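Reviewing the structure listed below.
The values are calculated or read from the model by the stated rules, or taken from the named source; none is laboratory data. This structure is a prediction, so every number in the text was calculated from the model and none was measured. Cβ placement follows ideal geometry from the backbone for every residue including glycine, while neighbour counts extend to all protein chains displayed.
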Amino acid sequence: MHRVRAKTAIRGGAVLCVALLCGANLTAQRPAARRGWDTRPPSPQTAHSRLFTQRPAAGPIEHVIVVSVDGMMPQTYLNPDAHGLKVPTLREIVRQGAYSEGVRGVFPTVTYPSHTAMVTGANPGTHGIVTNGAWAPLGVPAGAWRWYAQEIRVPTLWDLARARGLKTALIFWPVTVGARGTVVVPEFWREPTGTAEDAKLNFAISTPGLLDAVAKRFPDFRAKFLPPRAEDEALTDVGVYVIETVQPNLLLLHLADVDHWQHEDGPFAGRALPALENADKQIARVIAAAKKAGTWDQTVLMIVSDHGHARTSQRVRPGVWLCEKGLVKLDENGKITDWKAYVLASSGSAYIYVKEKEDLETRKILVEMFQQAASKPGTGIRQVFTHEQIVAMGGDPEAFLALEAAEGWAIVGETKGDAISPATQAAEHGYLPERPEMRPSMLVYGPAIGHGKIEGARLIDVAPTVARWLGLKLEKAEGKPLEVPIHHAQASSDTGRVTTH
Ligand SMILES: [Zn+2]
């Protein structure tokens with residue numbers, strides 16, 4: 001177990017300052033020449049640091065690792081004892097590093113809009129990834145998600161890093177099919193899913209040769225990498241391999257097992273508990289890899305999640321109501337042949353779209369229908385939001401209405417079957433970001449990071465904070481850099497030295 005902590009008794013002054021990292025300007029200390037990373041010899045500073053691997057000094061920030069533990073709720077690290085959780089790495093980070101008691105997410109609180117907010121600093125209505133599911137009013141392509149980076153409308157951290165000549169690694173990060181980086185293993189799957197045959201596609205769309213090399217190094221990799229169930233251990237295998245061989249300046253690693261098991265068994269229940277403990281182990285592997293690679297002294301590790309979870313027992317299909325009102329036409333096989341209105345659901349919420357801008361009659365029917373549903377118990381609809389309210393929430397400006405599901409309910413987008421039926425999953429997300437159970441997690445750790453709480457964090461602040469650490473300009477971000485406690489450590493001074501025990 002690595003224990004990293006600041007010296008408490010220091011000659012000549014305080015170790016820890018709480019500072020706005022933009023003010024600290026750590027990146028100004030980095031070498032001016034950033035190109036030719038792959039071939040340049042180790043800098044004197046790196047060589048110096050390697051000599052002191054047992055007692056590293058926090059240097060300028062050269063590497064940022066963001067690990068997203070999909071669906072992880074802040075109680076995991078704020079109160080692990082309440083759930084009997086063995087999460088020694090997270091406990092240590094809370095003791096020694098910086099953490100948020102709960103981050104404000106984006107609307108809707110689902111995976112792809114949230115992860116894209118984290119790498120752009122923008123709300124979904126601005127960055128363009130407004131739901132997980134692809135636009136499919138006629139039901140095709142079935143089961144498609146917004147996998148493609150080309151749909152992101154604003155600059156991403158990986159775009160900016162690449163433009164500066166920095167090395168980037170994107171490992172199963174959502175919306176990265178077609179993204180350009182030093183290493184890219186995009187999250188992508190085909191329906192039906194989960195066979196070795198399908199995994200060939202993932203090998204083909206990843207950086208050539210990379211996954212074969214990972215499979216050679218970690219013999220269990222192929223068995224654990226069957227997208228969309230790419231196990232956390234397999235994805236961390238890729239992360240470890242990339243840290244050791246490429247030493248990226250920006251690494252984004254997305255682990256999805258916690259989310260999967262929380263959907264299945266509920267938050268802090270059943271198989272979600274060992275999944276959280278396993279995620280903790282994978283975070284420890286990432287830290288160990290950076291130490292082995294000799295980059296930890298200049299690394300900031302940020303652990304985040306995209307949303308929380310809330311238990312559900314029932315679900316509603318508003319699309320069935322649209323069919324009943326004649327706003328969706330089905331053929332004799334139940335296939336959609338035409339539509340005037342469309343439900344694009346995100347479990348805890350849904351967008352309602354109208355096909356024709358001038359179709360005032362359909363708009364009137366929809367407003368009456370959903371307002372009535374929201375006023376009655378047992379419909380599964382809690383609130384209806386107008387187009388103007390959606391825009392103010394940072395949601396999709398193309399949507400006519402948005403619905404929020406009632407407590408214990410999920411909204412699904414199908415047009416066949418009963419309008420109301422029992423839930424098929426124990427827990428869901430996608431509700432308003434104001435709901436306490438929807439709050440994402442955030443922890444920040446590394447030799448340069450001090451101990452303390454991060455106040456007022458929002459998901460849209462992640463990218464501006466990372467950009468500041470790496471000296472990147474994220475000009476159109478809607479978020480801003482967070483105040484994270486840092487050590488003012490200089491390589492030339494003992495003051496602020498961070499030690500390993
Ligand atoms: Zn998620």
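Inspect all residues belonging to region 293-301 and state whether any of them is among the aromatic types (Phe, Trp, Tyr), more than 16 Å from the ligand (Cβ to nearest atom) and outside any helix (DSSP H, G or I). Talk me through it step by step, then tell me what you get.
Within region 293-301, the first condition is being among the aromatic types (Phe, Trp, Tyr), and the residues that meet it are 296.
The next check asks that each one be more than 16 Å from the ligand (Cβ to nearest atom); those that pass are 296.
Filter once more, keeping what is outside any helix (DSSP H, G or I): none.
No: zero hits.
Might you check whether a residue that is of a type in the set (A, V, I, L, M, F, W, C) and closer than 22 Å to Asp396 by Cβ occurs anywhere in region 66-78?
Within region 66-78, the first condition is being of a type in the set (A, V, I, L, M, F, W, C), and the residues that meet it are 66-67, 69, 72-73, 78.
Keeping just the survivors that are closer than 22 Å to Asp396 by Cβ gives none.
Among the residues of region 66-78, not one is of a type in the set (A, V, I, L, M, F, W, C) and closer than 22 Å to Asp396 by Cβ, which makes the answer no.
Please determine, by comparing only the residues of region 388-431 that are within 16 Å of the ligand (Cβ to nearest atom) and assigned to a loop (DSSP other than H, G, I, E, B), which one is surrounded by the fewest Cβ atoms within 10 Å (Cβ to Cβ). Steps first, please.
Going through region 388-431, the residues within 16 Å of the ligand (Cβ to nearest atom) turn out to be 410, 425-431.
From what's left, assigned to a loop (DSSP other than H, G, I, E, B): 425-426, 429-431.
On the way: Gln425: 16, Ala426: 19, His429: 30, Gly430: 25, Tyr431: 31.
Here the answer is Gln425.
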For residues that are in a helix (DSSP H, G or I), within 16 Å of the ligand (Cβ to nearest atom) and buried (at least 24 other Cβ atoms within 10 Å of the Cβ), tally how many sit in region 262-285. 5
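Taking into account only those residues within region 302-315 that are among the polar types (S, T, N, Q) and crowded, with 24+ Cβ neighbours inside 10 Å, which is farthest from the ligand (Cβ to nearest atom)? Show your work before the answer.
Here is the first cut: in region 302-315, the ones among the polar types (S, T, N, Q) are 305, 312-314.
Keeping just the survivors that are crowded, with 24+ Cβ neighbours inside 10 Å gives 305, 312.
Working: Ser305: 7, Thr312: 15 Å.
Step by step, filter region 302-315, then rank; the result is Thr312.
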Which of the residues that make up region 66-125 are crowded, with 24+ Cβ neighbours inside 10 Å, within 16 Å of the ligand (Cβ to nearest atom) and either at positive phi or charged (D, E, K, R) (or both)? Asp70, Gly71
What are the residue pairs meeting all of these: first residue in region 409-435, first residue under 14 Å from Phe107 (Cα atoms) and hydroxyl-bearing (Ser, Thr, Tyr), second residue within 15 Å of the ligand (Cβ to nearest atom) and modelled with pLDDT of 95 or more, Cβ atoms under 7 Å, and 6 or more apart or on different chains? Tyr431/Thr109; Tyr431/Ala310; Tyr431/Gly348; Tyr431/Ser349; Tyr431/Met438
For Ala289, work out the one condition from (1) assigned to a loop (DSSP other than H, G, I, E, B); (2) surrounded by fewer than 24 Cβ atoms within 10 Å (Cβ to Cβ) it doesn't fulfil. (1)
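For region 306-379, list the strands (runs of 3 or more DSSP E) that sit wholly inside it and hold at least 1 residues that are polar (S, T, N, Q) and under 33 Å from the mean Cα position of the chain (by Cα); which are they?
Numbers: elements: 314-316, 328-330, 336-339, 341-345, 349-354.
Where strands (runs of 3 or more DSSP E) fall fully within region 306-379 and carry at least 1 residues being polar (S, T, N, Q) and under 33 Å from the mean Cα position of the chain (by Cα), they are 314-316, 349-354.
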For region 225-251, what are the residues that are within 14 Å of the ligand (Cβ to nearest atom) and in contact with a helix residue (DSSP H, G or I) (Cβ under 7 Å, 6 or more places away or on another chain)? Asp232
Is there a residue being in contact with a Phe, Trp or Tyr (Cβ under 8 Å, 6 or more places away or on another chain), among the aliphatic types (A, V, I, L, M) and under 19 Å from Ile93 (Cα atoms) anywhere in region 279-294? yes
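Can you name every residue in region 437-471 that is more than 17 Å from Leu301 (Cα to Cα) and in contact with a Ser or Thr (Cβ under 9 Å, 6 or more places away or on another chain)?
Met438, Arg439, Glu455, Gly456, Ile460 - these are the residues of region 437-471 that are more than 17 Å from Leu301 (Cα to Cα) and in contact with a Ser or Thr (Cβ under 9 Å, 6 or more places away or on another chain).
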Among the residues in region 340-359, are any within 16 Å of the ligand (Cβ to nearest atom) and among the acidic types (Asp, Glu)? no
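When you look at Ala288, is it closer than 25 Å to Thr168 by Cα, away from the ligand (no atom under 14 Å from the Cβ) and among the small types (Gly, Ala, Ser), yes or no?
Numbers: closer than 25 Å to Thr168 by Cα: yes; away from the ligand (no atom under 14 Å from the Cβ): yes; among the small types (Gly, Ala, Ser): yes.
So Ala288 passes the test.
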Output the residues belonging to region 432-442 that are surrounded by fewer than 22 Cβ atoms within 10 Å (Cβ to Cβ), within 16 Å of the ligand (Cβ to nearest atom) and not in a loop (DSSP other than H, G, I, E, B). Glu437
Counted residues, region 298-339 - those being among the charged types (D, E, K, R), farther than 18 Å from Ala423 by Cβ and either outside the structural domain of Ala142 (by TED's automatic domain parsing) or modelled with pLDDT under 95 (or both): 7
Quick check on region 233-256: of everything there that is without any contact (Cβ under 8 Å) to a residue 60 or more places away in the chain and not β-branched (Val, Ile, Thr), which residue is surrounded by the fewest Cβ atoms within 10 Å (Cβ to Cβ)? Glu244
